[in-house]
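A short worksheet on the structure shown next.
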Amino acid sequence: MPRSSRQASDRDGRATSLPLTGDSDLPTCNRPRASVRRVVVEGVRPAVDGGRFPIKRTVGESVEVDATVFADGHDRLTVVLEDRRVDSGAWREIGMVAVDAGVDRWAARFSVDAIGWHEYRVAAWIDRFGSWRHDLEVKSASGHDVSLELLEGAQLVRDAAARAGEAGRLEKPGHDSTGADTSARGLDAADWLIAQADRLSGFGSISDRVAAALADDLRAMMTAHSDRSRASRSRVFRVWVDRERARFGAWYEMFPRSAGPDANRSATFREAMTRLPAIADLGFDVLYLPPIHPIGVSFRKGRNNRLVAEPGDPGSPWAIGAEAGGHTAIDPGLGSFDDFHAFRDLAQRLRLEIALDLAWQCSPDHPWVREHPDWFRQRPDGTIKYAENPPKRYQDIYPLDFECDDWAALWRALRDVALFWIDQGIRIFRVDNPHTKAFPFWKWFIDEIRARQPETIFLSEAFTRPAPMHYLAKAGFTQSYTYFTWRNSKAEITEYFTDLSAAHVREYLRPNLFANTPDILHAYLQVGGRPAFEARLLLAAALGASYGIYSGFELAENRAVPGTEEYADSEKYQLRQWDWDRVGHIKELVARVNSIRRRHRALQSDWTLRFHATDNPEIIAFSKSAGNDTILTVVNLDPRYMQHGWVECPLQAAGQGGKTRDDSYLVRDLLDDTVYEWRGTWNYVRFDPGVRQGHMLRLERQGFHSRTA
């Protein structure tokens, strides 16, 4: 019979031909010398799309893994969680415990301690010794004759001794990985197990032999040398581990060209350095710069996005490329690379990390238009197609064609641009409109950059539909802009952030809550005045571990082009000089909030966000916790009128779940250090716009006391 097929009989007795590749088509139980794997491992969590995409963590965080594990019959199982750094090779092992025996759910956790790729999987096998030991204990306690059971156990122990012998001698006396005491024995594992087998099958009393069989040290040693030949394992799941800034940070966006002494020309980087101490004093961690490259002349936009620029109009920084160069050049108005390096170095000394904009598009004057016209989309008349987002038209920008015939060279060129700026000391990139570029490119691109510089952080500016926004996060983007700007009512905020903090979403999508951007000045800010800016600041900074503002927010700048969300006299198209001490600013509040965020771990993660009831729809309350640190934020969403009402306090999160309505305790408002005595679960708050727009309350563990104490 040919090796590629075999004869078999169907139900009617007729011969059928079945293809073979060795014995791979046979059920496991029919393969010669194959081991039967009776344990089923399924439903492993966390897993993004069944493990197709990695989950995300930052250094020092843990991964809580659970899985459904079961087998036929009543045998006991051993279930372990295995994890490793990909570059280490060796798997670590942590025993999993049954958290819900009724549904066969097992759980354990491991911590990640280094930037880069980590892996995990679940393994399980029949615990033959544990099953035998349980039965022996039950039978002996019931007075049954267990002499045969002891002989069965002795054979199990001898089998383990053989496995131990193959594994080699224990490295040194002491305690092995299971906790078994080896220092007092002075014997290697195999010899010690053989001695125990002899005790179980020997001529001592049944009670002594049973006691030896049930001894903890034998149980530990048998666990260490259990039979794993028939272990079942889940697929391998991946974790990408970032540095802390991927999880927590306050971002500030500025146009360095506007930070100079002369309103009629661009500031250089050295002149813009004078703004850095003030930004650092506000407590920001990341300073994000729009594109700093040469700006095209052809079809340059004028002030307020006029189609025709006037002499001296600087144009939009997103129209990248001119005679002075493209994506690896600096606009001449900003100075030289030496000036940029001086700007970067001062920022670093002030604890500000520079983030640059990656905008994969070109002005008609970009060198690539001349050198690689095939990288752009051609119109039927041979001209290059400019960018459009009907009814908006961007004649000063040519999109790149990510599926052109020369796509591989284009992709490599874009990768090399990012690597160039990494060589200049940049580790954070804000990516412009990634949803308008090919998704396969981003996965390849981010993997390429991480392989060379794993500390790199990518923020996705994809204001688009949920599905592509989420897919970009799965594909590797470190953080994502959100719809926060357009969520202003209590119901909108609660629903949206409940969705963002759902278990399956938070594994891959890290939100960055920008309260405004050069493109977005929401109507809430336009009409609400300073109280609206205070409310949105408190919401962004407390709801999100990562948040940001665009310069001018701290001045409560709210002038817009009528009927739009566009800033009037937008810095995108002209130079602006600001009076940073003008009446109505909220700089002190910004600095205070950022200081609170740095001091309190509860605000440095999004995973513990919980919303709490209020009896007024204009008042929103939510909390975050980390260990003993619980912060309750309460905000008046109405920027015009006084609002008051009752707020439910998260006593359970503060470790005071047993408090009654007669028990009092202290809460401290971190915004002004005022201490309030509250009582029970519900407490009264009042907010007057212009006086107080919200609280950031720490539930004090000192001072909790009973009214009758």
Here, GLU371 and ALA167, labelled 7 Å along Cα→Cβ, have an inter-label distance in nm of 5.9
For SER546, other-chain or 5+-apart residues with amide H closer than 5 Å (H placed, Pro excluded) are GLY249, LEU513
SASA check, ASP191, accessible area w/ 1.4 Å probe, all protein chains in place, rounded to nearest 10 Å², comes out at 80
The helix 189-201 Cα axis meets the longest alpha-carbon principal axis of the chain at an angle in degrees, between 0 and 90 and rounded to 10, of 40
To the nearest 0.05, the calculated FRET efficiency linking TRP578 and THR436 through their beta-carbon distance, R0 being 41 Å, is 0.85
So the angle from the long Cα axis of helix 587-599 to the longest Cα principal axis of the chain, reported in degrees to the nearest 10, equals 10
Sorted list, accessible surface of protein heavy atoms, 1.4 Å probe, largest first, for ASP198, ASP285, ASP405, ASP581 is ASP405, ASP581, ASP198, ASP285
Per residue, accessible area of the chain with a 1.4 Å probe, heavy atoms of protein chains only, in Å², comes to 45
Once all protein chains are kept in place, TYR550 shows an accessible area at probe 1.4 Å, nearest 10 Å², of 10
Answer check: the chain, Cα atoms, Kirkwood Rh, Rg/Rh ratio of 1.08
Whole-Å distance linking the alpha carbon centroid of region 537-578 with that of region 410-457 is 27
The helix 523-543 Cα axis meets the longest alpha-carbon principal axis of the chain at an angle in degrees, between 0 and 90 and rounded to 10, of 30
With all protein chains present and a 1.4 Å probe, the order of LEU148, LEU410 from largest accessible area down is LEU148, LEU410
Between the modelled labels at ASP673 and SER595 (7 Å from Cα along Cα→Cβ) the distance in nm is 0.8
Of the accessible area of region 235-291, computed with a 1.4 Å probe and all protein chains kept, carbon and sulfur make up a percent value of 50
Once all protein chains are kept in place, ASP113 shows an accessible area at probe 1.4 Å, nearest 10 Å², of 100
extent check for region 506-575: Cα max minus min per principal axis, descending, whole Å, gives 39, 26, 21
Counting only DSSP loop positions in region 38-104, the trypsin sites (Lys or Arg not before Pro) whose Cβ has at most 12 other Cβ atoms within 10 Å are ARG52
Of the accessible area of region 482-578, computed with a 1.4 Å probe and all protein chains kept, carbon and sulfur make up a percent value of 54
If R0 = 35 Å, then LYS139 and ASP100, at their Cβ-Cβ distance, give a FRET efficiency to the nearest 0.05 of 0.80
From most to least accessible, 1.4 Å probe, no ligand or DNA/RNA atoms counted, PHE463, PHE402 line up as PHE463, PHE402
In vacuo Debye sum over C-alpha of region 30-91, base-10 log of normalised intensity I(q)/I(0) at q = 0.16, 0.28 Å⁻¹, listed in q order, is -0.78, -1.29
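The values are calculated or read from the model by the stated rules, or taken from the named source; none is laboratory data. Since the model is a prediction, treat every value here as computed from it, not as a measurement. Positions of Cβ are generated from backbone atoms using ideal geometry, with glycine treated the same way; all protein chains shown enter the neighbour counts. Accessible surface is based on the protein model in full, side chains and every heavy atom, while ligands, DNA and RNA are left aside. Shrake-Rupley method; radii C 1.70, N 1.55, O 1.52, S 1.80 Å.
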